[in-house]
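Colleague: Sharing a structure with you now.
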Amino acid sequence: MANKKMAIIATKGTLDMAYPPFILASTAAALGYDVQIFFTFYGLQLLRKDLSNVMISPLANPAMPMPVPMPVMVQMLPGMESMATMMMKQKLKKHGVASLTELRDLCLEADVKFVACQMTVDLFEFDKSEFIGNVEYGGAATFMGFAGDTDICLFI
Amino acid sequence: MNFDKELNARGLSCPLPIVKTKKSLADMTSGQILKVISTDTGSVKDMAAFAEQTGNPLLSTVEEKGEFIFYMKKK
């Protein structure tokens, strides 16, 4: 019997939104799925060799649990994003959640295929040399070629 | 229960216990038993789901002092 398939479109490049694609992809691969992730728009940031600049912002993110209630005027102060990111990373580590780099490596190890949106790469003038090597470049039609035949297809 | 290999997944959160279980099974032979120790409460349902979807039978699930111990047979 042919393997089940899952396709994910990853469109976000913040720390909180970077986790779901990699968690679901690595899990599906462990369950025997053929998995492909199509990275487009801000999702392309998740293909950088160095993921240390992937951040989370408390601003315009009212659902983010905060240790103390924080007025929007305070959230917009310089350094708040770095602080929120640092705190989130500490929390993730404390709870034994893998780092983004670790999860991405697990995906690659499990043969999850990464496809980067060529149009967005050109649009934002990204330098492909800043991305990891195991990436193919393609457009919407490339994605459909795989996604059209999947059991699970997600837009994140 | 006798086992052939042990995976210490203590302190790891989703999806690591599952992903590491899959990796541990990869270099075992059919019929061998893998023991997995996890502290992730979510892993109880996830290990059962993994077993069902991959066809590797989950022989037993025991909770002991806040730890979950699974015995899985490689198909």
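The values are calculated or read from the model by the stated rules, or taken from the named source; none is laboratory data. Only a predicted model underlies this, so the values are computations on that prediction, with no experimental measurement involved. Methodologically, a virtual Cβ is constructed for each residue, glycine included, from the backbone with ideal geometry; neighbour enumeration extends over all protein chains shown. When the accessible area is computed, the model is the full protein with side chains, heavy atoms only, and any ligands, DNA or RNA have been set aside. Shrake-Rupley method; radii C 1.70, N 1.55, O 1.52, S 1.80 Å.
Colleague: Can you give me the distance in nm between label points at residue A:86 and residue B:64, each placed 7 Å from the Cα along the Cα-to-Cβ direction?
Modeller: Using points 7 Å along Cα→Cβ, the separation is 4.2 nm.
Colleague: Just to be sure I understand: if you take the accessible area of chain A alone plus chain B alone and subtract the pair, with a 1.4 Å probe, what total do you get in Å², rounded to 100? Display every interim value, and only then the final one.
Modeller: Numbers: alone 9030 and 4440 Å², together 12390 Å².
The summed interface area works out to 1100 Å².
Colleague: Right, next: Just checking the output field for B:8-16: average partner chain Cβ neighbours within 10 Å of each residue's Cβ?
Modeller: On the way: counts 0, 1, 1, 3, 4, 7, 6, 14, 9.
Per-residue shielding by partner chains comes out at 5.
Colleague: Compute the relative contact order of the range B:5-73 as a whole-number percentage, counting only Cα pairs closer than 8 Å that sit 6 or more residues apart in sequence.
Modeller: Values: 111 pairs, mean separation 24.0, N = 69.
Once divided by the residue count of the range B:5-73, the mean separation gives 35 percent.
Colleague: Also, quick follow-up: Based on the mean of other beta carbon atoms within 10 Å per residue, what is the order of A:17-24, A:91-98, most packed first? Can you show the working numbers first?
Modeller: Values: A:17-24: 20.4, A:91-98: 14.8.
So the order, starting with the most tightly packed, is A:17-24, A:91-98.
Colleague: Take every Cα-Cα distance within the protein assembly as shown, group them into 5 Å bins from 0 onward, and report for each bin the whole-number percent of pairs it holds.
Modeller: 1, 6, 13, 15, 16, 14, 13, 10, 7, 3, 1, 0, 0
Colleague: Tally Lys and Arg at +1 and Asp and Glu at -1 over the other residues with C-beta under 13 Å from the C-beta of residue A:7: what net charge comes out? Don't jump to the answer; show the numbers that get you there.
Modeller: On the way: positive: A:4, A:5, A:113; negative: A:34, A:149, A:151.
Here the charged neighbours net out to 0.
Colleague: Using the heavy atoms of the protein chains and a 1.4 angstrom probe, tell me the accessible area per residue for chain A in square angstrom. Present the calculation step by step, with values, prior to reporting the outcome.
Modeller: Numbers: 8490 Å² over 156 residues.
In whole numbers, chain A has 54 Å² accessible per residue.
Colleague: Report the Stokes-Einstein translational diffusion coefficient (µm² s⁻¹, integer) for chain B, Rh taken as the Kirkwood radius over Cα pairs, at 20 °C with viscosity 1.002 mPa s. It would help to have the intermediate numbers written out before the result.
Modeller: Details: Rh = 11.9 Å.
So the translational diffusion coefficient is about 180 µm²/s.
Colleague: Estimate the FRET efficiency between residue A:53 and residue B:30 by the formula 1/(1 + (r/R0)^6), using the beta-carbon distance for r and 45 Å for R0, to the nearest 0.05. Before the final figure, lay out each step's value.
Modeller: Details: r = 45 Å, r/R0 = 1.01.
Efficiency computed from Cβ-Cβ geometry: 0.50.
Colleague: Further, regarding this structure: Can you give the relative contact order of chain A as a percent, counting alpha carbon pairs under 8 Å and 6+ residues apart? Don't jump to the answer; show the numbers that get you there.
Modeller: Values: 217 pairs, mean separation 57.0, N = 156.
Dividing the mean separation by the residue count of chain A yields 37 percent.
Colleague: Taking the alpha-carbon distance from residue B:20 and a cut-off under 19 Å, which aspartates and glutamates remain once sequence neighbours fewer than 8 residues away in the same chain are dropped?
Modeller: Cα-Cα hits under 19 Å: A:34, A:102, A:105, A:109, A:111, B:4, B:6, B:40, B:46, B:52, B:67.
Colleague: For residue B:22, go through the lysines and keep the ones whose alpha-carbon is under 21 Å away, minus same-chain ones fewer than eight residues off.
Modeller: The reachable lysines, counting only those whose Cα sits under 21 Å from residue B:22, are A:4, A:5, A:113, B:5, B:35, B:45, B:73, B:74, B:75.
Colleague: Using every alpha carbon pair in the range A:39-150, what percent of pairs falls into each 10 Å bin from 0 up to the bin containing the largest distance?
Modeller: P(r) for the range A:39-150, in whole percents per bin: 12, 33, 31, 20, 4.
Colleague: Where the centre of each part is set by its Cα atoms, how far does the range A:52-82 sit from the range A:4-38, in angstrom?
Modeller: What the calculation gives is 26 Å, centre to centre.
Colleague: Another one. Suppose every K and R has +1 on its Cβ and every D and E has -1 on its Cβ; what is the size of the dipole of the protein assembly as shown about the Cα centre, in Debye to the nearest 20? Can you show the working numbers first?
Modeller: Values: 23 positive and 24 negative charges, 110 e Å.
The dipole magnitude comes to about 520 debye.
Colleague: Restricting to the range B:5-73, compute how many DSSP beta bridges are antiparallel as a %, nearest 5. Display every interim value, and only then the final one.
Modeller: Numbers: 12 of 17 bridges.
The antiparallel proportion sits near 70 percent.
Colleague: Which peptide among A:76-83, A:28-35 comes first, and what is the full order, when sorted by highest mean count of other Cβ atoms within 10 Å? Can you show the working numbers first?
Modeller: On the way: A:76-83: 11.4, A:28-35: 21.6.
Put in order of decreasing packing, that is A:28-35, A:76-83.
Colleague: A follow-up question, please. Lys/Arg Cβ at +1, Asp/Glu Cβ at -1, dipole of chain A taken about the Cα centre: which of A:96, A:134, A:18 is farthest positive-ward?
Modeller: A:96
Colleague: Find, among the GluC sites (Glu not before Pro) in the range A:101-156, those assigned to loop by DSSP (not H, G, I, E, B) with at most 15 other beta-carbon atoms within 10 angstrom.
Modeller: Working: sites: A:102, A:109, A:125, A:130, A:136; in loops: A:125.
Sparse-neighbourhood loop GluC sites (Glu not before Pro): A:125.
Colleague: Counting heavy atoms of the protein chains only and a 1.4 Å probe, report the per residue accessible area for chain B as a whole number of Å².
Modeller: On the way: 3910 Å² over 75 residues.
Heavy-atom accessible area per residue stands at 52 Å².
Colleague: At 1.4 Å probe size, with the rest of the protein present, what percent of the exposed accessible area of the range A:15-156 is carbon and sulfur atoms? Let's see the in-between values first.
Modeller: Values: 4780 of 7720 Å².
In the range A:15-156, the share of accessible area belonging to carbon and sulfur is 62 percent.
Colleague: Work out which residues of the range B:24-68 lose at minimum 30 square angstrom of accessible surface when the other protein chains are put back, relative to the chain isolated, with a 1.4 angstrom probe, and list them by number.
Modeller: Listed by number, the residues meeting the 30 Å² cut-off are B:53.
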